[in-house]
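Scroll down for the structure; my scribbles are underneath it.
The values are calculated or read from the model by the stated rules, or taken from the named source; none is laboratory data. Note that the coordinates shown come from a computational prediction; the quantities given were computed from them, not determined experimentally. Cβ sites come from the backbone with ideal geometry, for glycine too, and all protein chains shown count toward neighbours. Side chains are part of the model used for accessible areas, which takes the heavy atoms of the whole protein and leaves out ligands, DNA and RNA. Shrake-Rupley method; radii C 1.70, N 1.55, O 1.52, S 1.80 Å.
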Amino acid sequence: MPPKVRVSDLRKRYGALEAVAGIDFTIEDGEIFGLLGPNGAGKTTTIECVLGLIQPDAGTIEICGLDARREPRAVREKVGAALQTTALPDRITPREALDLFGAFYQRRESAAALLDRFSLTTKADVAVDTLSGGQKQRLALALAFVNAPELVFLDEPTAGLDAHARRELHAEIQQMRCDGHTVLLTTHDMDEAALLCDRLAIISKGRVVATGRPRDLIADSARVQQITFTTARPFPAALLDVLPGASDMSPGAEAPGLREEGDVSRQADLNGAPRLRQDGDKSPQADPDGAPGLRPRGDTEITSATLRTSTPGATLLALVTALEAHGVGLDELHVRKATLEDVFVDLTATSTTEPTT
Amino acid sequence: MNGIWHQLRTHLTLYFRNRMAMLYGYLFPSVFLLAFYVLYRYERVPLVRHMGELLTVTILGGACFGLATTLVSERERGVWRRYRLAPIATGAIVVSTLVARYILLVTAGLLQIALAMGLGMPLPAHPLHLVVAFSLAAFAFLGLGLVIAMLADNVPAVQALGQTIFLPMLIIGGVAVPLTSLPDWALHLSAYFPGRYAVEAIQATVNGPGLGSVGFSLLALLLIGTAACVAGAGMFRWDAKQRFATSHGKGWLAVALAGWVGVGLLAQWQHRIIPMELAAERAAIAAAANRPAPAPTVPAEEPPAPAGAPASGSDLTADEHASADTTPAASPAPSEPAPATPAPTSRPTPAAITPPPAPEPVPTPRPTAPSAPAAPTPAPARPAESTTAAEPAPWEKVTRDQVMADLVFDRLPPDSGVVTPIATADQEPPEETWTDLDVLYNGLQTWAPGRVPDVLERTRNLLFVPSVIDVFQLPTEPYVPQMVYDILERDIDKDVLIKVLYWIAVHPDEGSDAAVDQMAPLGIPNGPSDIQEVRGRLGVYAVKLIGRLTGARPAR
């Protein structure tokens, strides 16, 4: 079966800013596919191009076998969408909204069935403005299903919701998987992506920097382990430079009177680098020499640090030995596997300051 | 199609659910109507002369603010983004929104007409023509609303932009302040605004001869509306961030402006700047002052039919017609006053303080061409001094036939106008004028220039009183002429009076003007600087009295 969505070399530029710089991905039938990325990474621009809301500068978009750039109306018949930045007319009720938007499509689901499915029957005839955040999001989902779509786009569906409402929404989206719907979901919530998505594409600075199943991405990253420790007395930060296997060190609490080193950053190790699909040679993650992690200066003294290593045994042994040699005892020591968030932060760390597109 | 129909229905349903929109859409036009009713309370037939203004204000408000606010706030909040996700052209949604707004405007207009009829206004003379005029006006202004919506980024910008168009159109665009009250420069400016064409077109269908007489206004509305819709479509943006996304977006604004400018230039070229009513007033003064009125230059689109002719298909009685009609011009109006004519003082009077005009009786249509009556005899150097029986004064040779042949009564300015006004018999002077009128009345009984033996000089002197007051625009102006007429009719034989008045009308420049500077005992300041202007009014008041005496132009 051909993929439901095939996007290749999608490009969109706003003046000097290249919001989307050659994005490729495919979504298979029945799959929940996540687009992850920090704010400004190009998720919204990508989804708006795919939906035909804006015209891309270049690239091909194929949806349900149709050329989306040539037949946007035909594509919209087959696609349902719940976008963050859309709204409904003032004072409309959920039932009226479903009736109104249903009337635009050739194929449509009945408002009553959708109200029932998304637990909105009791609120069917009250003004939309009076609904809670969760109810509004459920209505947005119901509207996305009003044309019995082959493919559903959900743009940050749980943004701004409380924990209870999020859980409700997650259940709805998992139900979509059970029903065999194909879903494109954007989020910057890692847990949500790990929970809901069959596959993910991580976007940074307008490019896809990694794609894969969430557990594969985590597993690849998990080969790198993270060691965090604190000591009873300050020790020279230069000591960490010679530890075997440790790729990146971030100083924690500094000894009193020492200068601050700034933000914590982590970097995948060259030797034990996770076997992620690395898209683009210029990705800083693929360039060991371009590692932007902060290293403690040789003459500073610190009392805690975080290390990344692909050989935790050897690194730990060397660390303990070195500290012993300086007569410094360990107060705390933690070793843990990477999470999807680590993968995400690793891959997108350098693009978080880009302006929102 | 089903979707568009559904959207239209939903739009209307939601509108009627919005209390603020209802207030704006229906209360505002009703309040405006009541304000006009109070303002023009002296008119015999309530509001019939103002439906053009009232309906235009409603359309203007609904389009400049109502439509643009709806479009911009929906775009701002992302409603249009939601529509764009559906397989429907955004243009179709906009058209449906425009149609919905048109329907709302029609309901507001019907409410105004119903209210006006409840207050005593008769059914509009040409209901079907009214629908056409109203629709074309709505088309022009809805196009304008669309352009405003495309220019404005947010709702406050709509308000600002809307006000900058709405208020000038109301005040100097001929919508809320009658064109006859505007100075010439404002008349020229108003020709570039759609407002006056909407008022003219609608008014002609309510108490005028119907659409046949306002072809130019309809064309103007059509042009302005089409240009605006083309520009609105060209500048269209469904997303607030998309401002002039297309490179030639701003060029489209020029198309909308070209509509306005084109219509204004066309009006200039066709000499349509001075409205017919005002041109007629000026022509009347020219005629009464014995100066040939300039040849008509307006093309024959304005029919030379008498304005008061009963409109076909109307339910009005002849009397109602008579009272309903206000257009004194029965022949094509000259576009500019004769150069030598003392121009009536321009009065930029806001509607709120315009003296309450009284309905005008229908002038008898006369085929007589505007002409300078041939002076029957050489004018004496001082006609006032020769009253000996042996040698009759020149005015005594005037014949009744001559009077009726030479004078053009249907070109007289209306009694309800701003020039040479005369109050109707049942019009009560406002309280603040009572003292002045008392002084005047008592003063006239003993005023020396009003008691000179020479009948010509006495008449001339007495007629100077309302003429000077008219030039000064004193609040007593509409109530003085009848007072003077009464004295003249009481003291002078009717046939003699007609001859004397005729003489004064055709020779306003002959005779003494000394009385003009002797009005202190009457409570009137001395000497207006422009004696020519006073003489012009003198002639008109003289002809108006002849019209009353002969029945050619009777008072109500």
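List of remarks:
- Residues of the stretch A:62-82 buried by at least 30 Å² on assembly (accessible area, 1.4 Å probe, chain alone as reference): A:Arg73, A:Arg76, A:Ala81
- For the stretch A:129-150, the residues whose amide N sits under 19 Å from a probe point set 7 Å from the Cα of A:Asp162 along the beta carbon direction are A:129-139.
- Cα Rg, Dmax, the stretch B:391-523, angstrom units: 15.1, 49
- Computed accessible area, B:Trp447, all protein chains, 1.4 angstrom probe, square angstrom: 10 Å²
- Relative contact order, percent, the stretch B:2-266 [alpha-carbon distance under 8 Å, six or more residues apart]: 25 percent
- Average 1/r across all pairs of distinct alpha carbons in the stretch A:8-129, invert it, and you get the Kirkwood radius: 16.7 Å.
- If R0 is 51 Å, the Cβ-Cβ spacing of B:Asp438 and B:Ala114 corresponds to a FRET efficiency of close to 0.70.
- Entry note, the stretch B:1-146: relative contact order of 40 percent, from Cα contacts under 8 Å with a spacing of 6+ residues.
- Per residue value of the accessible surface for the stretch B:2-266 (all protein chains in place, 1.4 Å probe), Å²: 35 Å²
- Placing dummy labels 7 Å off each Cα toward the beta-carbon, the span from A:Ala219 to B:His188 is 8.6 nm.
- Take the accessible area of A alone and of B alone, subtract that of the pair with a 1.4 Å probe, and the total buried over both chains is about 2500 Å².
- Volume per residue that the Cα convex hull of the stretch B:2-266 spans, once the total is divided by residue count, Å³: 125 Å³
- Note on the stretch B:160-223 and the stretch B:471-487: Cα centroid distance 32 Å, given to the nearest whole angstrom.
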